[in-house]
Amino acid sequence: MIIFGAINNLRMKKTTLALMALVLFLSCSAGNGWVTVKGNKFVDPQGQEIVFRGLCCSDPVKLVNEGQWKEEYFAEAATWGANIVRFAVHPSNINALGWDRTFEVMDQGIEWAKQYGLYVIMDWHSIGNLKEERFTAPYYNTTKAETFKFWRTVAQHYRNEPTVALYELYNEPTVTAPGVGDCSWTEWKQLQEQIIDTVRTYNPNAVCLCAGFDWAYDLTPVAQEPIDRPNIAYVCHPYPMKSPEPWAENWEKAFGYVADTYPVICTEIGFCLENEPGAHIPVISTEAYGEQITGYLDSKGISYTIWCFDTRWAPNLISDWNYTPTTQGRFFKAHLQQYTQSQPERP
């Protein structure tokens, strides 16, 4: 009886958290309005500030192939306290499964996200230099033409779907990896603006997310050359080894100052202990990083999604498909749930 009671209590807690997330989502999305940008904030359809805190999905196609793209995945994300999930769409995977089938898969994921009160970030998950079409691994190979095709398709397909709130134009631009060639910030800025214009042709409501170089870490050029388009936000991936301590001081210089003027969302944060599976540069650290990054981002009102709600893609948040949290999973789950539970119920 004690065991069954404990199980029932756990189920009730998960159900309560999911319902809280759903109530919050429905209050924010009444009337099927869109998330927009106002000053340096994301705002909901009623014009109230919304800070996104959520989880990164590894890849819809990967999860389908493993039998894990299912309602339970989204229900669990909601019980963790997420209000948004990020679909990391890899060029190699969308081509392997086929574009039509991949969009069918994502449509089902979006329906599940809506069911559990979750917004969605659509992310074109490539790493390298898009201008010269040179990438860090075959997994990320794409072209400018294919990238424009992806965003044209997304904008047309989801033009009436405000749940797909944020369009992350390119995951991790870099010009310092071996063999990726050259690209100036001015050139990258112009290319992103062209993608934004393509998106807006089909969906003028989309909030587009723009990343800087150094694997989406360095936003210092924004001070002199910001993206010249409205309704956009900036992306950063401040993993622990991207800068030495004192972290907060260096984060402020690299990207935090941007949040004083524009919305910023860190679409990847996370850490892995040195002896844990998948530990690699730049993610190796401890809970000390978790404390500092969440404290810093929360103090600045910066949104974030945590990498990665998967059992193998490190730093992974879960160790098995019973959703058992890893070291970072335990930390971030507690943090997200504490934040969710502290929110007042909106009228």
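The set of residues in segment 253-279 that are under 21 Å from Asp320 (Cβ atoms) and free of Cβ contacts under 8 Å to residues at least 40 places away in the same chain comprises Asn275, Pro277, Gly278, Ala279.
The residues on offer are Phe103, Phe74, and the sole one that is assigned to a helix (DSSP H, G or I), of a type outside the set (D, E, K, R), out of contact with any Lys or Arg (no Cβ under 6 Å at 6 or more places or on another chain) and surrounded by 24 or more Cβ atoms within 10 Å (Cβ to Cβ) is Phe74.
Taking every residue in segment 197-217 that is on the phi > 0 side of the Ramachandran plot and pairing it with any residue that is of a type in the set (D, E, K, R), at least 6 positions away or on another chain, the pairs with Cβ-Cβ distances below 9 Å are Asp214/Glu172; Asp214/Lys242; Trp215/Glu172; Trp215/Lys242; Ala216/Glu172; Ala216/Glu268.
Could you grab me the full set of residues in segment 273-294 that are acidic (Asp, Glu) and assigned to a loop (DSSP other than H, G, I, E, B)?
Kept after step one, since they are acidic (Asp, Glu), are these residues of segment 273-294: 274, 276, 287, 291.
Of everything in segment 273-294, those that are acidic (Asp, Glu) and assigned to a loop (DSSP other than H, G, I, E, B) turn out to be Glu274, Glu276.
Which of the residues belonging to segment 247-270 are outside any loop (DSSP other than H, G, I, E, B) and small (Gly, Ala, Ser)? Scanning segment 247-270 gives Ala248, Ala254, Gly256, Ala259. Scanning segment 283-303 for residues being polar (S, T, N, Q), within 23 Å of Asp260 (Cα to Cα) and surrounded by fewer than 22 Cβ atoms within 10 Å (Cβ to Cβ) gives a total of 3.
Okay, residues lined up against (1) in contact with a His (Cβ under 8 Å, 6 or more places away or on another chain); (2) among the hydroxyl-bearing types (Ser, Thr, Tyr):
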position: Thr102; (1), (2): no, yes
position: Trp112; (1), (2): no, no
position: His125; (1), (2): yes, no
position: Gly128; (1), (2): no, no
position: Phe135; (1), (2): no, no
position: Val154; (1), (2): no, no
position: Asn160; (1), (2): no, no
position: Glu168; (1), (2): no, no
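It is to be established whether one or more residues within segment 168-191 are buried (at least 18 other Cβ atoms within 10 Å of the Cβ), under 22 Å from the mean Cα position of the chain (by Cα), under 30 Å from Ala113 (Cα atoms) and of a type in the set (Ser, Thr, Tyr). Yes, there is a match, as at least one residue in segment 168-191 is buried (at least 18 other Cβ atoms within 10 Å of the Cβ), under 22 Å from the mean Cα position of the chain (by Cα), under 30 Å from Ala113 (Cα atoms) and of a type in the set (Ser, Thr, Tyr).
Coordinate-derived values only; no laboratory data. This structure is a prediction, so every number in the text was calculated from the model and none was measured. With ideal geometry, Cβ positions are generated from the backbone for all residues, glycine too; neighbour counts draw on all protein chains shown.
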